[in-house]
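Working notes, structure below.
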Amino acid sequence: MRKLYIDIAKKNGLQVRCYWFMVDTSLCEHLNKLREIVTKGKRPHVPRMAFSNYHKNFEEPIEAEGIHSIERVEFTPVFESDEERKMFYSWTF
């Protein structure tokens with residue numbers, strides 16, 4: 001799927017930068033559940049199978065694909081209140 005976007009960028013003389021968010025499956029599932037709770041169901045959860053399929057088929061990005069730079073971004077939660085912090089840490093992942 002990345003190839004499509006890389007090819008479009010190349011065709012238009014653009015460099016491709018990849019921001020790779022380093023989030024494991026358990027944290028994805030935790031954030032998924034938390035989002036559903038916080039929105040009171042307005043944002044329904046993504047099925048667990050979707051995460052499994054994604055991680056099963058995921059291929060690490062490499063510069064040889066035509067990517068100019070790859071930046072790994074570590075997940076760091078930011079809270080606007082103590083209540084948000086408490087809610088985040090009250091659910092185990």
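The values are calculated or read from the model by the stated rules, or taken from the named source; none is laboratory data. Only a predicted model underlies this, so the values are computations on that prediction, with no experimental measurement involved. Every residue, glycine as well, gets a Cβ built from its backbone with ideal geometry; the counts of neighbours run over all protein chains shown. Quick note on the areas: whole protein, heavy atoms, side chains included, nothing else; ligands and nucleic acids left out. Shrake-Rupley method; radii C 1.70, N 1.55, O 1.52, S 1.80 Å.
Mind checking which residues of region 56-87 are open to solvent by less than 100 Å² (accessible area, probe 1.4 Å), at pLDDT below 90 and not aliphatic (A, V, I, L, M)? Residue satisfying the conditions is Glu84 alone. Of the residues making up region 45-64, those that are out of contact with any helix residue (DSSP H, G or I) (no Cβ under 6 Å at 6 or more places or on another chain) and either part of a helix (DSSP H, G or I) or closer than 15 Å to Glu29 by Cα (or both) are Pro47, Arg48, Met49, Ala50, Ser52, Asn53, Tyr54, Lys56, Asn57, Glu63, Ala64. Being surrounded by 13 or more Cβ atoms within 10 Å (Cβ to Cβ) and not acidic (Asp, Glu) is not true of Lys10.
When residues in region 13-44 are screened for being open to solvent by 100 Å² or more (accessible area, probe 1.4 Å) and part of a loop (DSSP other than H, G, I, E, B), 5 of them pass.
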